Structure formats: C-alpha cells, structure tokens
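Reading through the structure tokens given below for one structure.
Please treat every number below as a calculation from the coordinates, not as lab data. What you see is a predicted model, and the numbers here were worked out from it, not measured in a lab. Cβ atoms come from the backbone with ideal geometry, glycine included; neighbour counts cover every protein chain shown.
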Amino acid sequence: MLAEYCAYLNEGGGGNVRRALHVIALTVFFMVMTLVFEHFISWLGRDSKQTESSQSHPSILSRLLRRIAPDFTGDRHQALKAAGVMAVCWLPYYLLALPGEIWYDTVQQVMMWKGLPNPITSGAWSDHHPVLDTLIFGVFYQLGAWIGHPAVGVALYTTCIAIAAIVVFVYTVRYLAKSAVSKRAYLGAYLFFCVFPFIPIFSMAMVKDAVFLPMFMLFSVQCMEVARTKGACLKSRQTLALFIILALLVSLTKKTGVYSVAFACILLVFIVAGNRARVKLLGAAVASGLVIFVLLPVVLFPACHIIPGGKQEIIAIPMQQSALLLREHGSELPKDEQDILTGMLEPNAAENYEWWAVDKIKGTHWTQQRENLLKPFLRVWAKNAVIYPQTYAKAYFMLEQGWIALPNSIVNENLQSSYLYTRTAPGKNADIAGLPQSRYTRLYDGIDQFVIWLGNQFFMQPWLSRVFWATWLPFMQLYETVRRLHAKELSWMYAAWLVPMLVSVPFLWISGGSVTYEGLRYLMPMLGVAPIGCALLTVQQQPSHADR
C-alpha cells in the first residue's frame, strides 16, 4: 500500500480501481518473494558436505571453485588467500576509479582542511561533517601535496580504504565460519562481498560513509560476539576495551553513529546474562555519548576553533513538511505561524521546495535566529500535523519513497554505479581544492546508463532496487527470525545478530533524500550486514552455554 501510495503521489492521484489492483499485485509479489527467500534460506542451510559427497564425479567448475575458495576456518595463510581473491575481484573497480571517487561532501571537507571558503564556512572547520573524517581526508590530501599532487593522496586513500574494507569483510566472513552458520552461508557472504558491484564501488569512495563502514562492520561483529556469548566475552578487559573503542569510532565517523551505538547496546542488554555485562554495555553507550555531546563541543571544538554542526540536520523532516505546508496552505495559516515558519526555513522555502531533497529547505547554517525560533517552530509544526496530516504524509513519503516503492515511470529508485556523479559533480570547487577530476565522462556515463538499464529489467529490478535492501530484505529476515524463534529452531543469542540491521534501518527513514545519489551511500551499512541476517537463519538451536 505504501509503494502504491508513492506512485499515487508521483502521478498526481486518480485511478482508484487501477491502484487497488496494483496493491493486490504488489502484495502477491511480496508474498512470492518471501516464499522464494524461505526456500533460499532452506537451501543455504543444508549440509554442503553431504551434497559434495553425493557427487562422485564433481564437475571441472566444482573442482576449480574448491581450489580457489579459501578455507575460512583455517590459519592466517587462508585469510590472506581470501583477501587476495577479493582484491582481484575488486581490481577492475579500483582501476576504473583511480585516483578515486570523490563525493561532493568530501570536496567541502578538503576545502576546510585548506582553510578555503566553502558552502558551509568561510574557511574554518565545521562539525557539519564528522571532524575525524575531515582529518582523515585532509591527511591524505596533504600527503599527496607533499609528494607532488593531491591526486596522489587521493590514490593513496583509495588504496588504503580498499585494503581496510577487504580485511574487514574477510574478518567478518571468518567470524561467521567459526560460528554456527552453514558453510554455504558464509561462502555466500564471501561471494557477495566479492562480486556484488556496489560493495567495492562504495567501499573505495572518498566519502565519510566509506570510512564509517569498516568501523560499523567491526562493531557489528563485536555485537554478535556479545550476543553469542551472552556477554561473557566482556569479562575480558581486552574485549571490553575493543568494544568501547569501536563504539567510539562508529560515533566519530558518522553523525548518527552515536545513536546506532546506544540503540545497539540497549538491544543487547536484553540478551546478555548478568548485571555486570549490562552495566558494561550501557557504560560503552554512555562513554560514546559523553565524547560526542560533551568532550567534543565543550572542550575540543572551542580549543581548535571548530564550528559546531547545526541542529537543522536533526529536524530536517519537520522542515521539509513545513515547506510544503507553506506552499500548499500558507495563506490559511495565521500570520504569526507564517512568520515562525519562514524565519526557521531557508529564504523562499515554499518556492524552492523540492520533493526529493531537503537541502534547499534546511540549508547548511544554524543561526541565532533559528535557535530562538526552535521551540515555537516545533509547536507550530506539531499543531499543523493534526490539521494537515495529508500534506505532512505527502512531504514525508515523497522524500523517503526510495525505501518504499519499486522504480516507476516518474522516479528511478535503482541502485546506480554513480561513477559519473562522483567523478565530475564537484565542479569548480574541486579545481579550487586541487582535487582531481576525470575527463572520461562519456565512459562513466555509459557505465551508469548500463547499470540503470540493467536495473529496469524485469528479473533484475528487485535485486537492484533500493527498496529491496532497505525494507524488503530486512523485513523478510525479521519475519523468518521471529518464525524460527517461535518454532524454537533458533536461539535468542543468535537472533540478536539482527542488531546491526535493526540499528541501521531507522536512520534510513529519517534521511534527507532516498532517491538521490546521496541515498546510495546511506544504504552502505545495509549492504554490509545483509549477508549476516541471512547467515543467522542457517544456525540451528544451540545450547545456551555454546562457545567457541
């Protein structure tokens, strides 16, 4: 119904009978997809050794795959082999992207590093983007400048982040292999990380989300270990220290990271045994909160003359809804409410309203005027939510429809390679910052168009749609987990492996643009943890004391 509602909004309404038929068709399609997913998980969980033994004469391809596939339960040499095979699979994307994919936000951060005026500040650093990410990009930029050209620094960054991502993905698969998942499940996860194009494309990008992803994956593995051992692993000081460090890194590399950490720790509290383990988990969340909300803004930022990030990011959805409210019902509002809304939003917000993004509504600066109007604005926004619910729903679901609706004739919500965007979009600011730009725009445009065409084909559309990774697959994983818990085919300590997915989904639904290129990088954590949710469903009921 939500998917069809988005199509209804895009097409301007009408066609109630046709839309009812569409709802029925989408419902049947989703049920069929869920049934297919159940059979896939059943196949994934079968004993692969029994299947192999039944093949007295394995094919040449089977023998070749066995020779190539690493033994993830083996020693470090096997880990190096796994990393090497993944690196070979990623090599075409690495060479195509060299010296590296540079996103618009990264250009701003590099300009801050150089002290140049940018869309956010007149040259000072800002916490609008995570300061740690700005520092990392700036260091690589400076290394390149010292060697001879910033492009060299970008290439060094691309190489280092690619190596880091490969190491983390291999480590994740080895963890799954040494746990209770089936062989097919962890080999499938490895194959996914190797060959699904969007994994290397976005893992090697020069953007804050690519720095966040390895930290989040490592933190996710630690959450899984805490759940699997019911908190017993936290008795080790080294493990506890690692958990806290990863929690801090997740918080420092993404603005919403601290909330993900807090949410994850709260969920794990209900799984672990003993009050000491619960106190340690909550202590990790509190420590992350103190760093982000006290140490940085109260101590570090003033000392280093860093401008705090604005609160407009937190209230982006209410601001978007208020802009549409002014556009459609501005004349019906009392004068004082109009003044509050226009004072909080960017100038001419009603005229500049764009259903697909909030940037022109929220802007990049948090002024004293906005600070003074914050509470009155929230009151006016809440009051009109009751009076104009359809306007608020329209603004919200149009903005977030990439997570809900299949691609339609109006909007393309497919995954895209975005090489063209990441290589050419920075424009003149990239020249000012000294960052490289590719001249082969026709090549990258061809790649993008091919990926879009591929995603529009009937049999490829579900797998290359954002909605599949953002909503459908998580829903199916959650449904299957609940079903197996009810049938006592799965224990709670393994069901908690869904925690990384559960702490990622809510932040998709408050993002500032689900159908834009920016929406693609918001999906990165979901792509990273997708195989984990499938792997947990191959775990059989284990004794509560099971340990490695």
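A few remarks follow.
- Cα gyration tensor shape of region 206-272, rounded if a/c is under 1.5, else prolate or oblate by comparing a/b with b/c: prolate
- Cα-based reach from K280 at 24 Å (exclusive), listing lysines while leaving out same-chain residues under 8 positions away: K230, K235, K254, K255
- Against the main long axis of the alpha-carbon atoms of the chain, helix 183-195 sits at an angle near 50°.
- Gyration tensor (alpha-carbon) shape descriptor, the chain, a/c threshold 1.5: rounded
- Ranked by the mean number of other Cβ atoms within 10 Å of their residues, highest first, the peptides 282-289, 70-77, 186-193, 38-45 fall in the order 186-193, 282-289, 38-45, 70-77.
- Integer Hz, Karplus 6.51/-1.76/1.60 couplings in order for region 395-405, x for Gly and Pro: 4, 5, 6, 5, 5, 9, 5, x, 8, 10, 9
- The alpha carbons of region 311-395 stretch over 29, 27, 20 Å along the principal axes, in descending order.
- Using R0 = 35 Å, the C-beta based FRET efficiency linking V139 and V279 works out to 0.45.
- Fully extending the segment from N348 to T34, taken as 0.36 nm per residue of separation minus the present Cα-Cα distance, adds 108.5 nm.
- Estimated [θ] at 222 nm from DSSP helical runs (n ≥ 4, -39500 (n - 2.57)) normalised by residues in the chain, nearest 500: -20000 deg cm²/dmol
- All aspartates and glutamates inside 18 Å of K178 as judged from Cα atoms, apart from same-chain residues fewer than 8 positions distant: D47, D71, D75, E225, D547
- Those chymotrypsin sites (Phe, Trp or Tyr not before Pro) in region 459-548 that DSSP places in a loop and that have at most 11 other beta carbons within 10 Å: F459
- Applying a 4.7 Å Cβ-Cβ cutoff to the chain leaves C6, C160, C223, C233, C265, C304, C534 as cysteine residues with no disulfide-compatible partner.
- Taking the longest Cα principal axis of the chain as reference, the axis of helix 237-253 is set at about 40 degrees.
- Set of lysines with alpha-carbon distance to K383 below 23 Å, sequence-local pairs under 8 removed: K311, K335, K362, K375, K394
- Rounded to 10°, Cα long-axis angle of helix 104-114 versus longest principal axis of the chain: 80
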